[in-house]
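Comments concern the structure below.
The values are calculated or read from the model by the stated rules, or taken from the named source; none is laboratory data. Treat the numbers as computed from the prediction; the structure is a model and nothing was measured. Here the Cβ positions follow ideal geometry from the backbone for every residue, glycine too, while neighbour counts run over all protein chains shown.
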Amino acid sequence: MSANEQSSGMGTVEYIQHHLTNLCAGDCDPITHKGVGFWAWHLDTLFFSIALGTLIIVVSWRLGKNLSTDTPSGFQNFVESIVEFVGGQVKDTFPGHNPLIAPLALTIFIWVWLMNFMDLIPVDLLPVIAGFVGIHYLKAVPTTDLSTTFAMSLTVFVLIVYYNIKIKGVTGYLKMFLFHPFGKFFIPVNIVMALIEELAKPLSLGLRLFGNLFAGELVFLLIALIGGTMATGLAALFWLPLQVVLDLGWLIFHLLIITLQAFIFMVLTIVYLGMAHVDEH
Amino acid sequence: MGHFDMGKPNYSGLALIGVGTILTSTIVAGFLLGYGVDKWLDSLPVFMLLFGALGAVGGFLKVHKLLSRGI
């Protein structure tokens, strides 16, 4: 379908830029459509992330109503296996007891996985459908938007700080910043380094997820461009099958990546919150 | 290190998942923090460079600590 874009006069660079531009409302640049202020709303990101979150709630609610202990359905078995898998991870890695952690981990795993899964939908499909109803920019994968990944990682960060203060007390938490890693004679340096270490947690969580998914999306776009730019005349007999094979290969590999990234986000959330629950020193 | 005494076997292994990005993220965090302080004190780029360097050192220390004896 990228060929259609080509025929409408869009070059390769414009094609990629177009597909990587969010549907922005509010504080947006009228030419580049990028957010320029704090109150820039990425409507596509908001729509897809809320829609997928709603999907999780509706499916869970329906499944919860039809639970069966005698003859569980295939879907119930599937969901139970996911719940047990996440529960097992929490049990193995989380010290102590906190009823919030397992549901939080499960929500993160499924929600991030579903948002990542949007990457596997053909890159032109949703933007073209949106184009028919007058929406000119649409980025369907919420996790290729820094706003989503940082919203999630900062929420986890707030929980980390909350539990640190709740478990260790304000003085206990502040003490963590004073004496590590260089002992009591370098307190100013220790404070800065501990602050950096704390800040690095949400940064690495958010940037890792964003980077992996953004790069994955970009590779899909480049593969789509093979057919769009080179498949003219007889050359199409070579380039189109190549595009199909490459697309399939990257799709299968990417299926692994999206699962791994959802898993990593979940596990690191459990580990970081676990660290907040343990007096290290 | 208390959690190891509590017999939590997988803790350090799973934390190692994040090692690859710790180094970069501590450097970025250092630069960001330094940039914030510089904006506040109007001293760009003194603290940005200083905290960036501290972030790199902190990243190395953290990775070394993680790889040698867990969290």
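Going by what's in this entry, would B:Gly2 be described as buried (at least 18 other Cβ atoms within 10 Å of the Cβ) and either modelled with pLDDT of 80 or more or at the interface with another protein chain (Cβ under 7 Å from one of its Cβ atoms) (or both)? So B:Gly2 fails the test.
Inspection of region A:223-234 identifies no residue that is under 19 Å from A:Pro142 (Cβ atoms) and either modelled with pLDDT of 90 or more or surrounded by 15 or more Cβ atoms within 10 Å (Cβ to Cβ) (or both). Among the conditions (1) farther than 30 Å from B:Phe47 by Cβ; (2) away from every other protein chain (no Cβ under 14 Å), the only one that A:Lys184 does not satisfy is (1). Among residues of region A:224-280 being under 30 Å from A:Tyr162 (Cα atoms) and not hydrophobic (A, V, I, L, M, F, W, C), the one that is farthest from the other protein chains (Cβ to nearest Cβ) is A:Thr259. Looking only at region A:245-268, decide whether some residue is β-branched (Val, Ile, Thr) and without any contact (Cβ under 8 Å) to a residue 12 or more places away in the chain. Yes: one or more hits.
Table: residues versus (1) aliphatic (A, V, I, L, M); (2) more than 18 Å from A:Val278 (Cα to Cα); (3) touching a residue at least 60 places away in the same chain (Cβ under 8 Å).
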{"residue": "A:Gln89", "(1), (2), (3)": "no, no, yes"}
{"residue": "A:Thr93", "(1), (2), (3)": "no, no, yes"}
{"residue": "A:Val112", "(1), (2), (3)": "yes, yes, yes"}
{"residue": "A:Gly131", "(1), (2), (3)": "no, yes, no"}
{"residue": "A:Ile160", "(1), (2), (3)": "yes, no, yes"}
{"residue": "A:Leu174", "(1), (2), (3)": "yes, no, no"}
{"residue": "A:Phe182", "(1), (2), (3)": "no, yes, no"}
{"residue": "A:Ala200", "(1), (2), (3)": "yes, yes, no"}
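Restricting attention to region A:82-129, the residues being among the small types (Gly, Ala, Ser) and under 22 Å from the mean Cα position of the chain (by Cα) number 3. I'm told A:Val278 meets every condition in (1) touching a residue at least 24 places away in the same chain (Cβ under 8 Å); (2) in a helix (DSSP H, G or I) except one. Can you identify the failing condition by its number? It is condition (2) that A:Val278 fails. If A:Glu197 satisfies all but one of (1) farther than 27 Å from A:Val83 by Cα; (2) out of contact with any Gly (no Cβ under 7 Å at 6 or more places or on another chain), what's the number of the condition it fails? All conditions are met except number (2).
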